[in-house]
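Right, one structure below, let's go through it.
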Amino acid sequence: MQPTPLTPAAREGALQLSIYEGAFASIFMSIIANGLVTGLALFLGAGPFVLGVLGALPFITQLMQLVGAYLEEKTGNRRLLSVWSEALSRFVWIPIALLPLWQLSSTVSLTIFVVLQVIAAALFGIAVNTWSSWMTDLVPPERRGRYFGIRNTVASFASMVAGLGSGYALDYFKRTASEGTAYAVTLGFGLVFAVVGIVLLRLQAEPPMERRPRVPLREMFLSPLADERYRSLIVSGTIWAFVVGVAGPFFNAYGIESLKMSFADLAYMGIVTSVASMVVFPLVGRMQDRYGDRIVMLVSAVCVIPLPIGWILSTPDNLWPLFGTSLGAGLFWPGINQGLANMSMAQSPAQARGAYLATYGAVTGVGVVLSGLAGGVIAQYLRGSEFMVVGYMVNHYSVLFIGSILLRAAAVIFVLRKI
């Protein structure tokens, strides 16, 4: 029996609901991204190498997209898979929130922390793949740029408010109670919003999934690599993930340790990024619909090349260079992130979309894990080293920031422009 397509009213209702769901999901993501995970890891005794390992965890998320694609092909029910995998990934954060309150040794605490992070990342990876396939079929191609521009704007506003609130909450409870209590309470608040987002996701309608004849598992995941055009996108995305990921896990650690920033300071920088993103998301969406994802992505990639320099030029008494970096991140990263996402959606055939998106995520995840581990090893090896470069003090983290700038430039010149 042929599944019944969504009515126009049902489709519009689902699109509206997804905007609200994205806002609540973004609140939780903003809280854990606002230096909280880095701060908690440092509180538990993590060094640069452990931070690098944590920075490589998105690889687990991306690798598990292959599992999501397989389950999607097996069941044909993307909503069920998305809801349950995301719900379970969030519930794993409950023991993470309680961990700083337990009287455990640093080694035991860090081990539990990393293991739970791996589990959460793995479960979330299934949700990412099935949700991406679901949304690709839900959003009409001619509206994709504008729709995600609006959705991302709302999500950015929610992230901005959550980032500021969580930053103040962390600093407040650190002063009035204890640092462990600060992490536990802030994560607890975040989980409440995560649950609301999951409920909204459950209520969102799913269009019928276009099924293809059953194919061997090996063929399912190798076919995207045999597609020359899609393979080029995968290779480019993997290289870009590496050059960005070399420094990515260490920005917040540098802010906390070297620049002596409070969580509120980190939140303010996040707000600058969020406000800029809110302004440009609709514009980026319209430009993508008019000029194409590739052009917008390339221009944006050129503009993010020098952004890490703001961290190096900042000092505990002068964070204005970092303000410029935060502003630039909000203005230009949307064009890259949404551009690559749109291209991966557009170039994946409807009957094999889950497998294509999963393969893209898994292979680009290799770039993430290699960059995180490489950055962790380099930072650990150089830990404690400080030297002057053109009048500025450079430490083990700064070396990674400089390396990322050079690698970004090389990637734009030799890789991204050939997509």
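The values are calculated or read from the model by the stated rules, or taken from the named source; none is laboratory data. Predicted model, so just to flag it, every value in this text is computed and none were measured. Note that each Cβ is placed from the backbone with ideal geometry, even for glycine, and that neighbours are counted across all protein chains shown.
Worth a mention:
- If you go through the stretch 29-50 and pick out every residue that is among the small types (Gly, Ala, Ser), assigned to a helix (DSSP H, G or I) and at negative phi, you end up with 4.
- Some residue of the stretch 54-62 being crowded, with 19+ Cβ neighbours inside 10 Å and at pLDDT 90 or above: yes
- When each of ALA69, ALA158 is tested for being within 20 Å of THR364 (Cβ to Cβ), touching a Phe, Trp or Tyr at 6+ places or on another chain (Cβ under 8 Å) and buried (at least 21 other Cβ atoms within 10 Å of the Cβ), the lone residue that passes is ALA69.
- Test for LEU222: is it part of a helix (DSSP H, G or I), modelled with pLDDT under 95 and more than 22 Å from the chain's Cα centre (by Cα): yes
- Exclusive hit being hydrophobic (A, V, I, L, M, F, W, C), surrounded by fewer than 18 Cβ atoms within 10 Å (Cβ to Cβ) and assigned to a helix (DSSP H, G or I), set ALA409, ALA379, ALA358: ALA409
- Qualifying residue in the stretch 189-201 (condition: within 28 Å of TRP134 (Cβ to Cβ), of a type in the set (Gly, Ala, Ser), in contact with a Ser or Thr (Cβ under 8 Å, 6 or more places away or on another chain) and in a helix (DSSP H, G or I)): yes
- Within the stretch 16-31, the set of residues being surrounded by fewer than 23 Cβ atoms within 10 Å (Cβ to Cβ) and either among the aromatic types (Phe, Trp, Tyr) or modelled with pLDDT under 95 (or both) comprises TYR20, PHE24, MET29.
- Taken over the stretch 308-318, residues that are under 23 Å from VAL280 (Cβ atoms) and surrounded by 21 or more Cβ atoms within 10 Å (Cβ to Cβ) amount to 3.
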